Protein chains: 2
Amino acid sequence: MLYLIGLGINDEKDISLKGIDAIKSCDAVFAELYTCPIHADLSNLEKLTSKKIQLLNRKQVEEDELVLKSAKSCDTAFLVGGDALSATTHTEIILDAKKAGIDVKVIHASSIFTAIAETGLMLYKFGKTVSLPIPQENYFPTTPYTNIKDNLDSNLHTLLLLDIGMSANKAIDVLLELEGKMNGKLFSDSSKLVVVAHLGGDSLIKYDAISNLKKMDFGIQPHALIIPSALHFHEEEFLELF
Amino acid sequence: MLYLIGLGINDEKDISLKGIDAIKSCDAVFAELYTCPIHADLSNLEKLTSKKIQLLNRKQVEEDELVLKSAKSCDTAFLVGGDALSATTHTEIILDAKKAGIDVKVIHASSIFTAIAETGLMLYKFGKTVSLPIPQENYFPTTPYTNIKDNLDSNLHTLLLLDIGMSANKAIDVLLELEGKMNGKLFSDSSKLVVVAHLGGDSLIKYDAISNLKKMDFGIQPHALIIPSALHFHEEEFLELF
């Protein structure tokens, strides 16, 4: 049996009781924290479950397939940040396991996809989630801008997930640079956005004009941005708290 | 302090360790299971935390404001199904608490909004989430159909959340009835949909043509439907497992 277990949104105490039970029942326990870098102290989970947890890097997961190899021979738990299946990599592992005849059980946990409701914005008013990569010299994709525009045209909010290591301030610079290229009149210094930082821990939420947000320090990452569409008055009232 | 604590997607073991710690720290503990009816046995949580949990009905939450009244005088925990903030009602409670000067801490948990990734469909390819109410004699809204069409036009999947007590089979009947009214050519007997049932527990996922899904029994509720848009080949390969 392979258990794919979400660690949840912020630290190692966001795992579920079901996740703890599953770890205790396993012969081998692995974790990766590169797809969703949360502030988990795995040694606390080791004490709680009396199991050794082996932290894997990307190569060990994707090329060496250590998790899959283990699950072929014994009950194996694989711990990942956020919900168990936010990252496409993990869906691939399930597919490979099923092809190899290994039973898979998914144990869910909290995730940025729902924690954004802390802003007061309604989950069913969000459109497509958009990822914003750190621009490289020869790689500055414009699809994030197009996707945000599509959501705004449909009157839907956009959750903008930032590349690993990217601050909200950097993300705002990238949005303004995209605005310069695309000229779709989505962003100016006076546009009001929502920044969320380390949600689920000591959550920080700021709703302000870009010109003000640019100057703020949002503390430890992860950060994310929300591009709100037209606000329901309940949403507006809630956001004004921040 | 008011702790708003998600119980998670399926049963009382989907709560996080952080949620358990918060309950233990509180003087009063309430729960409601009407906005998101999960299979939680609260007596197990009572044993684990040595706290009495008072189960509230809608009137006690919304009109009598028992949670808010308690939080004004002592540390209070309020347990809800799914993530802590999937239901608009709970956002309102936070707003009211903040207006009354009560500190609020949200403790997240797993939710249908991310658990749908068990299907292999990519979370960032979902558009607006749509709710399907049980049609009444004088109330048969067509907005769910329009919203599904908007998502499909943007090549986005739709998570269709069903009214409390509504089976996937009934939901399919409603979709076909809406098709008859709206004639947007979204659904016919050969359209392939995804049914998910009691996700996060003994999850059941079926991907099939409407004509076949109509005849199936998906067991205990909750059920939900996913209207897939054009599939990535990885998504297709995964869905074919079900």
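Every read-out reported here was derived from the displayed coordinates using simple, explicitly stated rules and does not represent laboratory data. What you see is a predicted model; the values in this text were computed from it and never measured. Every residue, glycine among them, receives a Cβ derived from its backbone with ideal geometry; neighbour counts consider all protein chains shown.
If amide H atoms are built 1.01 Å from N in the plane of the peptide, which residues on other chains or at least 5 residues away come under 5 Å of the amide H of B:Ser229?
Close amide H contacts, sequence-distant or interchain: B:His157, B:Thr158.
Calculate the dipole size of the range B:113-239 relative to its Cα centre from +1 charges on Lys and Arg beta carbons and -1 charges on Asp and Glu beta carbons; express the result in debye to the nearest 20.
160 debye
If amide hydrogens are placed 1.01 Å from N in the peptide plane, which non-local residues have theirs closer than 5 Å to the one on B:Leu161?
Those lying under 5 Å, H to H, from B:Leu161 are B:Val130, B:Ser131, B:Leu132.
Using a Förster distance of 41 Å, how high is the FRET efficiency between B:Phe233 and B:Tyr139, based on the Cβ-Cβ distance and rounded to 0.05? Mind dumping the intermediate values first?
Details: r = 41 Å, r/R0 = 1.00.
My answer for the efficiency is 0.50.
Find every distance from the label point of B:Asp21 to the corresponding label point in the other copies (7 Å from Cα along Cα→Cβ) and write them in nm, one decimal, shortest first.
B:Asp21 label point versus its equivalents elsewhere: 2.2 nm.
Between B:Leu231, B:Leu48, B:Leu79, where does the largest GNM mean-square fluctuation fall for chain B, given springs only between Cα atoms within less than 10 Å?
B:Leu48
For the protein assembly as shown, what is the convex hull (Cα atoms) projected area averaged across all directions, in square nanometres?
So the mean shadow area of the Cα hull is 23.1 nm².
Say we join alpha carbon atoms closer than 10 Å with springs in a Gaussian network model of chain B; which of B:Leu121, B:Leu95, B:Leu162 then has the biggest fluctuation?
Per the Cα network of chain B with a 10 Å cutoff, B:Leu95 tops the list.
Report the Stokes-Einstein translational diffusion coefficient (µm² s⁻¹, integer) for chain B, Rh taken as the Kirkwood radius over Cα pairs, at 4 °C with viscosity 1.567 mPa s.
67 µm²/s
For a 23 Å ceiling on Cα separation, which of these pairs sit above it: A:Lys149/B:Lys149; A:Lys215/B:Lys128; B:Lys59/B:Lys99; A:Lys181/A:Lys206; A:Lys192/A:Lys214?
Working: A:Lys149/B:Lys149 18 Å; A:Lys215/B:Lys128 32 Å; B:Lys59/B:Lys99 21 Å; A:Lys181/A:Lys206 27 Å; A:Lys192/A:Lys214 11 Å.
Pairs exceeding 23 Å: A:Lys215/B:Lys128; A:Lys181/A:Lys206.
By the scheme Lys and Arg +1, Asp and Glu -1, what is the net charge of all other residues having a beta-carbon under 13 Å from that of B:Lys59?
-4
Is the range B:149-242 best put as rounded, prolate or oblate by its Cα gyration tensor, with a ≥ b ≥ c the root eigenvalues, rounded for a/c under 1.5, and otherwise prolate when a/b is larger than b/c, oblate when not? Could you put the intermediate results ahead of the total?
Numbers: a/c = 1.61, a/b = 1.11, b/c = 1.45.
Since a/c reaches 1.5 but b/c is at least a/b, the shape of the range B:149-242 is classed as oblate.
Going 7 Å from Cα along the Cα-Cβ axis for the label, what nanometre distances separate A:Asp75 from the same residue across the other copies?
A:Asp75 label point versus its equivalents elsewhere: 3.5 nm.
If Lys and Arg each add +1 and Asp and Glu each add -1, what is the summed charge of the other residues whose beta carbon sits under 14 Å from the beta carbon of A:Tyr139?
Residues near A:Tyr139 contribute -2 overall.
Within 13 Å, Cβ to Cβ, of B:Ser190, how many net charges do the neighbouring residues add up to if Lys/Arg are +1 and Asp/Glu are -1?
0
Shielding of B:3-11 by partners, i.e. mean partner chain Cβ atoms within 10 Å per residue?
Per residue, the average neighbour count from other chains is 3.
As an exercise, use a Förster radius of 41 Å and the Cβ-Cβ distance of A:Asp75 and A:Asp217 to find the FRET efficiency, rounded to the nearest 0.05.
Using R0 = 41 Å, I get an efficiency of 0.35.
Say a label goes 7 Å from Cα toward Cβ at A:Asn57 in every copy; what distances in nm does this one have to the rest, shortest first?
Inter-copy label distances (nm, one decimal, shortest first): 6.0.
Alpha carbon centre of the range A:62-86 versus the range B:147-213: separation in Å?
Value for the Cα centre distance between the two parts: 32 Å.
Among the lysines, which fall within straight-line cross-link reach of A:Lys47, defined as a Cα-Cα distance under 23 Å, with same-chain neighbours fewer than 8 residues apart omitted?
A:Lys13, A:Lys18, A:Lys24, B:Lys13, B:Lys18, B:Lys24, B:Lys47
How high is the relative contact order of the range B:2-110, given as a whole-number percent (alpha carbon pairs under 8 Å, six or more residues apart)?
Relative CO of the range B:2-110 lands at 46 percent.
For a test of the definition: using alpha carbon positions, the gyration tensor, and the 1.5 limit on a/c, classify the range B:1-55 as rounded, prolate or oblate.
Since a/c stays below 1.5, the shape of the range B:1-55 is classed as rounded.
Considering all alpha-carbon pairs of the range B:1-140, what whole percent are spaced by more than 28 angstrom?
Looking at the range B:1-140, the distances longer than 28 Å represent 22 percent of pairs.
Before anything else, pin down the relative contact order of chain B: Cα pairs under 8 Å, at least 6 apart, normalised by residue count, whole percent.
20 percent
Based only on other Cβ atoms within 10 Å, what is the fewest-to-most ordering of A:Thr35, A:Thr91?
Ordered from fewest to most neighbouring Cβ atoms within 10 Å, A:Thr35, A:Thr91 come out as A:Thr35, A:Thr91.
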